[in-house]
Amino acid sequence: MIPEYLISFNLDSVPVEDVDCLIVGSGIAGWRAAAELEGLRVLVACKKNPYDGSTYHAQGGIAVAMFPPDSPQAHFKDTVSAGCFINNESAVQILVNEGIDRVKELIEWGCKFDRSSGSFDRTKEAAHSFSRILHARGDATGKEVVHTLLSKISEMPGIILRGNFFLVDLITLENAVRGGIFYDETTGNLIFIKAKKTIVASGGFGQLFQETTNPAAITGDLQSAVFRKGGKLGDMEFYQFHPTTLYMAGVPRFLISESIRGEGGILININGERFMKNYHSAMELAPRDVVSRAIVSEMRRTGSTCVFLDLTKLNPDFLVSRFPQIYRFCLEYGIDITKDLIPVRPCAHYAMGGIVTDEFGRTNLENLFACGEVACTGVHGANRLASNSLLEGLVFGARAGMKARDEISGSSHSNDFQIPQYRVQQHDSPFIDVYDLGRSIKSLMWKNVGIERDGQHLEEAISKLKAWSRYIFLREFSSPAGWEVQNMFILSLVMTYAAFKRQESRGGHYRKDFPEIDDRNWKKSQIFVKHNFFC
Ligand code: SIN
């Protein structure tokens, strides 16, 4: 039922460009990988532009254990405890140890983390035992990181960026990836990028859900393309919902950074009660899954559509200088965060699961690497520790880049091969309203596969997705809107099935019908590949 390719092609009749390394995605992991590829021909393909991805919008910061008495061991402990002890521990060791050098290097490359009186400012976020989150431009860390990496890359002439470049399919020959076929939105044409190595760093899939902090482009296209070609997806049931996003009709679901709670912001319900004391001893700094479920429970109990962040006890001047972006955004919609309550509720935020890789970003498909949120090294386990994601992008992006470079220079790779033509099976193709179908997928995933799940709703979701599968691949689309919906459909199916099978609750996967952790049966990851995915 899941096809190998979304489009028909004859690569003899489309333009071809030949590179050493193709990088799909232009966030922290992709650029950090690119920084290792000096002297090679590298094409960085971006679905929209580098300012439209998750990295650029990252607010909180980068967690790094650089300041004693904090230590990599303490960071390790916090990471596996947030991950509910199914993290890949050797990946976590790499993250917390190599992370220190990667952050120092970023600083050398010009990244200006905020400082006061000469020392770095640091924040504490949920489930961290030390204040170890470095931030920049107040609450605009992602912007500073992207600008730093772009300026580093601009010194490397072999690296070119292509924007509005949508990867439709990865091209393989005998289980080895040979590049990708792209739709260039600027010209409306297809183009084949032939590559010795391909590094996927395209972010998560928050757009599977109706409510998300993720930019519109984050529809999981690459996870789906890799799965179609026989790549492994792991930990797909573990999804993180961020507790606090601005909730006002017609307003984008703008993230209100957890660091605002780290600096003393409190949560109250519609009756003005500080409710987190009833749910967890760490109150507002409990793990994200706990806070998200507590908010849902309070909304249900009080019959309201949101709760509120109260910052009114904090120093107004501090708030404006520490959170300038949040202050300005809320003010545009009439909320002065120094005086007014901020209406918030949880939204889909971060995928712990994705394309299964080893600690060098290698996947089970030859020549294909993945790093950053798109990948699943197992570093996050069942729940990511706040602000570990930018660090992950730096550490595993660098590792994937180094390994790809070594493999390119260590072998006599040739880009001289012939790819057979491919035809999508012809059917009578009925009209499909892709926007309606996209909305239906998002609404189904939000209601049935969201913050709280149970067997009955998961089963219902699987049967709806199966019903849609009878026609969703009958039509061959010729533009991104259709391909995105096909990709969203594939990932929804894998995620829902993984959530249905895991009969326990752990981190970002909460089952009302199995509310406890079941270490005896479930202290393990689930991995799915297309050929054994019988759903
Ligand atoms: C935040 O600033 O709350 C988000 C940071 C993260 O997801 O780690």
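The values are calculated or read from the model by the stated rules, or taken from the named source; none is laboratory data. These numbers come from a predicted model, not from an experiment. Ideal geometry is used to build each Cβ from the backbone, glycine not excepted, and the neighbour counts take in all protein chains shown. Surface accessibility is based on the protein's heavy atoms, side chains included, excluding ligands, DNA and RNA. Shrake-Rupley method; radii C 1.70, N 1.55, O 1.52, S 1.80 Å.
Brief remarks on what is shown
- Per residue, the convex hull volume that the Cα atoms of region 271-321 enclose (Å³): 102 Å³
- Using the Karplus relation 6.51 cos²θ - 1.76 cosθ + 1.60 with θ = phi - 60°, the per-residue 3J(HN,Hα) values for region 441-450 come to 4, 4, 5, 4, 5, 5, 7, 9, 10, x Hz, with x marking Gly and Pro.
- Along each principal axis, Cα extent of region 98-214, largest first, Å: 54, 40, 31
- Sequence-separation-based contact order of the chain, relative, with Cα cut under 8 Å and 6+ spacing, percent: 23 percent
- Percent of beta bridges antiparallel (DSSP, the chain, rounded to nearest 5): 60 percent
- Cα convex hull volume per residue for the chain (Å³): 147 Å³
- Modelled FRET efficiency - R0 45 Å, Ser129 with Asn175, Cβ distances, 0.05 increments: 0.55
- Dipole axis of region 425-527 (+1 Lys, Arg; -1 Asp, Glu on Cβ), positive-most option in Met488, Ser440, Ser429: Met488
- Per-bin percent of Cα-Cα distances, region 52-94 [10 Å]: 24, 41, 32, 4
- For the chain, accessible area per residue (1.4 Å probe, heavy atoms of protein chains only), Å²: 37 Å²
- Taking the inverse of the mean reciprocal distance over all distinct Cα pairs, the Kirkwood hydrodynamic radius of region 305-358 comes to 13.2 Å.
- Per the Debye calculation on region 448-535 with a single equal scatterer at every Cα and no solvent contribution, log₁₀ I(q)/I(0) for q = 0.15, 0.23, 0.24, 0.26 Å⁻¹ amounts to -0.63, -1.15, -1.21, -1.32.
- Cross-link reach list, lysines versus Lys447, counting only Cα pairs under 25 Å and skipping chain neighbours closer than eight places: Lys464, Lys466, Lys501, Lys512
- Accessible surface of region 1-79 [probe 1.4 Å, protein heavy atoms]: carbon and sulfur percent: 53 percent
- Share of carbon and sulfur in the accessible area of region 310-468 stands at 48%, probe radius 1.4 Å.
- Sorting Phe431, Phe76, Phe396, Phe318 by solvent-accessible area of protein heavy atoms yields Phe431, Phe318, Phe76, Phe396, largest first, with a 1.4 Å probe.
- Computed over the Cα atoms of region 358-439, the ratio of the radius of gyration to the Kirkwood radius (Rg/Rh) comes to 1.16.
- Span from the region 457-489 Cα centroid across to the region 168-243 one, whole angstrom: 16 Å
- Packing order of peptides 381-388, 324-331, 137-144, highest average first: 381-388, 137-144, 324-331 (average count of other Cβ atoms within 10 Å over each peptide's residues).
- Note on Glu273 and Asp358: their simple-model spin labels are 5.4 nm apart, each label 7 Å out from Cα toward Cβ.
- Cα gyration tensor shape for region 1-148, rounded if a/c is under 1.5, else prolate or oblate: prolate
- Hits among aspartates and glutamates - C-alpha to C-alpha of Lys143 under 12 Å, sequence gap 8 or more where chains match: Asp52
- Inter-label distance for Thr302 and Asn189, nm, one decimal - labels placed 7 Å from Cα along Cα-to-Cβ: 5.9 nm
- Gain in span if fully extended, Asp101 to Lys48, counting 0.36 nm per residue against the direct Cα distance: 16.0 nm
- Counting only lysines at least 8 places from Lys403 when in the same chain, those with an alpha carbon closer than 25 Å to its own are Lys47, Lys104, Lys152, Lys194, Lys196, Lys197, Lys229, Lys232.
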